[in-house]
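Notes to accompany the following structure.
The values are calculated or read from the model by the stated rules, or taken from the named source; none is laboratory data. Everything quoted here is computed from the prediction, not taken from an experiment. Virtual Cβ from ideal backbone geometry, glycine too; neighbours counted across all protein chains shown.
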Amino acid sequence: MLAFTWARRRRYGNAKIRGFHACPVPGLDTDCLLTKTSLCCKLVFMKDDISLATSTPGRRAASYWFLDGLPDIVLGGTLFVFAALGLGWCIRRSASATRLDFLFLAAGFCLFFWKGRALVEFCKSRLTYPRTGYVQPPREIEKCPAVMPLSLGPSLPPDENVTRFERREVLIVFWWCYLIAVGLYPWQTAYLPWTMPVLAAALYAANRKSENPFRWWSALLLALTGPAMAWLDIPPRLQPPALPLLAGAWLMAQGALTLLRYLRANPYPRGAEGVRA
């Protein structure tokens, strides 16, 4: 190899040896050496790999679903309304609260699983899509991966426009409501307010790397509502519906702040004459 290169140098003198000085990285000098070219290519490809790992088109499409805070508003509003119904029922009756209080919350979660996504789509068609366009909503990821058919051709890339919103947020809130309404009450009423920090920690940890992460200070505010309720000395029979009421109000406030930031950053498009498009 060295003899072949030396013979070519003798024949062409100081002329460039074609193939040894080509620089495949766009924007760089074509006279760069082979070692410099390899280093530049490696750095460019490493940069591309990092950006693809953190933000691919499928993951950006999934994050777009939570960009306006509407899923949190719908979930929090459903929890707030049905917890308020349960609280009103507890206040009007004279008997002590029983496990039947959980039926109001269970009905609310059933309604959310049935029509929650349709309601979010309706709100997005009025607020989000006219401002920043339509993107296909993410689907809930299945428990088992889909069966891939055997083929000699290239396989399709995995669909990354997926979300675990129902598992990481909705089901966590549901089982927390079940715990305070059925699991602890009426035997351990003294511990009911202290389940609020447990909910805050679970929501923050489960969604820390998801499409819809919660800020640490927001989770801290939710955690402090439990000790505040213990300090206010609310009657034990009102605590099972009052705690989900506070959690629903927190979710609505979380979504409302996100929606306000989104509306400020993306005003409604206007036509040429200053009228709304």
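For A219, state whether it is crowded, with 19+ Cβ neighbours inside 10 Å and within 28 Å of the chain's Cα centre (by Cα). Here the answer is yes, as A219 does meet what is asked.
Which count do you get for residues in region 56-89 that are in a helix (DSSP H, G or I) and of a type in the set (D, E)? The qualifying residues number 1. What's the total number of residues in region 198-223 that are assigned to a helix (DSSP H, G or I) and free of Cβ contacts under 8 Å to residues at least 40 places away in the same chain? Looking only at that region, the number is 16. Go through the residues of region 161-182 one by one and say whether even a single one is surrounded by fewer than 17 Cβ atoms within 10 Å (Cβ to Cβ), modelled with pLDDT under 70 and either of a type in the set (A, V, I, L, M) or in the same structural domain as A107 (by TED's automatic domain parsing) (or both). There is no residue in region 161-182 that is surrounded by fewer than 17 Cβ atoms within 10 Å (Cβ to Cβ), modelled with pLDDT under 70 and either of a type in the set (A, V, I, L, M) or in the same structural domain as A107 (by TED's automatic domain parsing) (or both). Of the candidates G108, G116, the single residue that is under 17 Å from the mean Cα position of the chain (by Cα) and at pLDDT 90 or above is G116.
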